[in-house]
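See below for the structure under consideration.
The values are calculated or read from the model by the stated rules, or taken from the named source; none is laboratory data. The shown structure was predicted, so the numbers you read here are calculated from the model rather than taken from an experiment. All Cβ positions, even for glycine, are placed from backbone atoms using ideal geometry, and neighbour counts span all protein chains on display. We work out accessible area using only protein heavy atoms, side chains counted, and drop any ligands, DNA or RNA first. Shrake-Rupley method; radii C 1.70, N 1.55, O 1.52, S 1.80 Å.
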Amino acid sequence: MVTKECCFQEALLRFFPATIREVLKPVPVWDEVEEVRLKAGRPLLLRLAQGEAFVSPAGFLVDRPERGYLVTPEEISRTVNIASNASLYAFEEEVRNGYLTLPGGHRLGLTGRVALEKEAIRTFKYITGLNFRVAREVRGAASRILPYILCGTPLHVCHTLIVSPPRAGKTTLLRDLVRQLSSGIPEFGFPGVTVGLVDERSEIAACFRGVPQLDVGVRTDVLDACPKAEGIRLLVRAFGPEVVATDEIGRAEDARAVEDALNAGVKVVATAHAGTLEELKKRPFFRYLFALGVMERFVLLKRREKPGEVAAILDGAGKPARTEIRCRGAEVGKEGSRFTVHGSGLGGWR
Amino acid sequence: MLKALGAGMVVLAGSLAGFQIGDLYKRRPRELKALAGALLLLQTEISYAAVPLGEALITVARRAGAEVAPFFRAAAAHLDAGAGLTAAEAWERAVDGVAPAMALREEDFGTLRDLGAALGSSDREDQVRHIALALERLKAAVASAEEDARRYVRLYHFLGFGAGLGLAIILC
């Protein structure tokens, strides 16, 4: 485990220039690091699973910003150059969206001065702030919700929407859910289904040259860096998936694609950004989706101390979902009960 | 007899030195043309395929003339070494590594260094502009290098032989 964490740390440090590597290397809490924030002329900041801390030049975690290591503008541009593999031109579309997806599914957010063209961002003139978000593969993250996602006899997948605020672990949960649905779950006698995954931001499967770097299951077809609406249609037409999965739906054009998938009899598993279900209901796209009345499960995540905490699993009517599955090893709580955040085995995944 | 042998060796050494200097003049336009061809390949890799720089450099090394292939191979190796080098640093190291073995002048390496400083750190349009600028400078350098070659190759061949002969006569 120590070796694995050590390799993971080494792999992450390769995205930074030598000076920042020296500062970050001695940091003792790498398994807790969620974000590394670099801003020109300001101290190096780590966002951890619990709280945040500045890093001193010697690599110690400190509370006071004045004791933190000051990041230079030169280090920011070096980080961008190294993290992008000296190929910023290969990330044009992503730069326009303000981030780069790096090998391993990590994400480098960009801020600074932008250059506009026809009122849209063309590129960044100066990049002066970076947010390195660490992607982690947590196998088994979806095990607690699976008994509620599978229903009927024989078992089939429910239309599911994972609703979560930022940094609560929805992408990690979706990745593991896709993996388990695709590879099958022997404990439940579930043989696995063909999953079509539209990974618009390359965060779920972390593809390198189109080949997934993270495990998304043996029966999963991945469309990498493809717009969701187009991707869903393509998969439904050409690959005949039983389940279509995608991250962060919500734009108007996604609605038609989701509807197409529903009409084709394909199950949809998706995530959406929102704190609560009520918040979601105020948005036109989801109002439309709710009006269709097709969603069978809502998995609500909440970030408390750690990411990946399930706040509730609701059925299509907004009532606590029930599970028909009883199996060994799956601590699924009481039947029909609302998940409690601090209940045994139902907390975060770390 | 020994004297004649010594004189012959002095003439031979002088001629060889002359040929070597002349050879530098002969090689420079060839290397400049090969470099321009390679940069054109790099431009294509970046502008049409947006291939990551490391891969683009390897492709260029494979397809470019033998005169400049080691340079692009070295740049790709420095970039992929995982030592946290930027493209500019990897490029600079490659230039320093191959410079002694090439017939190019400091001004030619200056063109390469200027290009290296901008590589990989902007969008495609900007990258293409920088490569086009380097190509323009190389084109001008090729013209003057060809003129120099025409003028000086024979001159240095003759000078080397003449200097060797002169020295042999004085020594004898």
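Note on A:Tyr126: accessible area is roughly 130 Å² with a 1.4 Å probe, heavy atoms of protein only. Between the listed residues A:Ala312, A:Pro212, B:Thr44, the Cα displaced farthest toward the positive end of the dipole of the protein assembly as shown, a dipole computed from Cβ unit charges relative to the Cα centre, is found at A:Ala312.
Between helix A:73-83 and chain A there is an angle of about 50 degrees, using the helix long axis and the longest principal axis of the Cα atoms. Placing R0 at 56 angstrom, the Cβ-Cβ distance between A:Glu259 and A:Arg42 gives a FRET efficiency of 0.75 after rounding to 0.05. Average accessible surface for chain A: 46 Å² per residue, computed with a 1.4 Å probe over protein heavy atoms with every protein chain in place. At an R0 of 25 angstrom, the distance between the Cβ atoms of B:Leu167 and B:Ala4 translates into a FRET efficiency of 0.95.
How big is the dipole moment of chain B about its Cα centre under a simple scheme where the beta carbon of each Lys and Arg is +1, that of each Asp and Glu is -1, and everything else is neutral? Debye, nearest 20, please. Walk me through the numbers before you get to the answer.
Values: 19 positive and 20 negative charges, 173 e Å.
The calculated dipole for chain B is roughly 840 debye.
The residue list A:Val55, A:Ala141, A:Asn97 was ranked by how far each Cα lies along the charge dipole of chain A toward its positive end, using unit charges on Cβ atoms, and A:Val55 comes out on top. Only Cα pairs under 8 Å and 6+ residues apart enter the sum, and on that basis the relative contact order of chain A stands at 14 percent. Structural descriptor for chain B: relative contact order 43 percent, calculated from alpha carbon pairs under 8 angstrom and at least 6 residues apart.
Interface burial in segment B:92-137 reaches 10 Å² or more for B:Gly120, B:Ser121, B:Ser122, B:Asp123, B:Arg124, B:Glu125, comparing the full protein assembly with the chain by itself; accessible area from heavy atoms with a 1.4 Å probe.
Quick one: pull the percent of accessible area on chain A belonging to carbon and sulfur, 1.4 Å probe, ligands and nucleic acids left out.
Details: 8260 of 16000 Å².
Solvent-exposed carbon and sulfur of chain A make up 52 percent of the total.
Taking each DSSP H run with n ≥ 4 as -39500 (n - 2.57) and averaging over every residue of chain B yields -29500 deg cm²/dmol at 222 nm. Compute the angle between helix B:69-80 and the longest alpha-carbon principal axis of chain B, please, reported from 0 to 90 degrees and rounded to the nearest 10. For B:69-80 against chain B, the angle is about 40 degrees.
Relative to the Cα centre, the charge distribution of chain A, modelled as +1 at Lys and Arg Cβ and -1 at Asp and Glu Cβ, gives a dipole magnitude of about 540 debye. B:Asp126 contributes an accessible area of around 40 Å² to the protein surface, as traced by a 1.4 Å probe with all chains present.
Out of all DSSP beta bridges with both ends in the protein assembly as shown, state the antiparallel percent to the nearest 5.
Of the beta bridges lying entirely in the protein assembly as shown, close to 65 percent run antiparallel.
At the listed q of 0.09, 0.12, 0.14, 0.19 Å⁻¹, the Debye profile of segment B:31-150, built from one uniform point per Cα, gives log10 I(q)/I(0) equal to -0.21, -0.38, -0.52, -0.99.
For the protein assembly as shown, take the alpha-carbon Rg, divide it by the Kirkwood Rh, and send me Rg/Rh.
Expressed as Rg/Rh, it is 1.15.
Counting protein heavy atoms only and a 1.4 angstrom probe, how many square angstrom of accessible surface do chains A and B bury in total, to the nearest 100?
On the way: alone 16830 and 9680 Å², together 24950 Å².
Summed over both sides, the interface buries about 1600 Å².
Of all the options A:Gly169, A:Gly250, A:Gly105, the one that moves most in a Gaussian network model of chain A with Cα springs shorter than 10 angstrom is A:Gly250. Each Lys and Arg Cβ is given +1 and each Asp and Glu Cβ -1; about its Cα centre, segment A:220-279 then shows a dipole of about 240 debye. Averaged over its residues, segment B:55-119 has an accessible area of 41 Å² per residue, based on protein heavy atoms and a 1.4 Å probe.
What residues in segment A:76-95 lose 10 Å² or more of accessible surface when the other protein chains are added to their chain alone (1.4 Å probe)? With the partner chains in place, segment A:76-95 has these residues losing at least 10 Å²: A:Arg78, A:Asn81, A:Ile82, A:Asn85, A:Ala86, A:Ser87, A:Leu88, A:Tyr89, A:Ala90, A:Glu92.
Taking only protein heavy atoms and a 1.4 Å probe, the accessible area of segment B:31-150 is 55% carbon and sulfur. Partner lysines whose Cα lies under 23 Å from the Cα of A:Lys267, excluding those fewer than 8 positions away in the same chain, are identified as A:Lys170, A:Lys228, A:Lys281, A:Lys319. Contact residues in segment B:40-66 by the 20 Å² criterion (accessible area, 1.4 Å probe, full protein complex versus chain alone): B:Ala50, B:Pro52, B:Leu53, B:Glu55. Measuring nothing but how far apart in sequence close Cα pairs (under 8 Å, 6+ apart) lie, relative to its length, segment B:1-103 scores a relative contact order of 23 percent.
Relative to the longest principal axis of the Cα atoms of chain A, the long axis of helix A:228-238 makes an angle of roughly 50 degrees.
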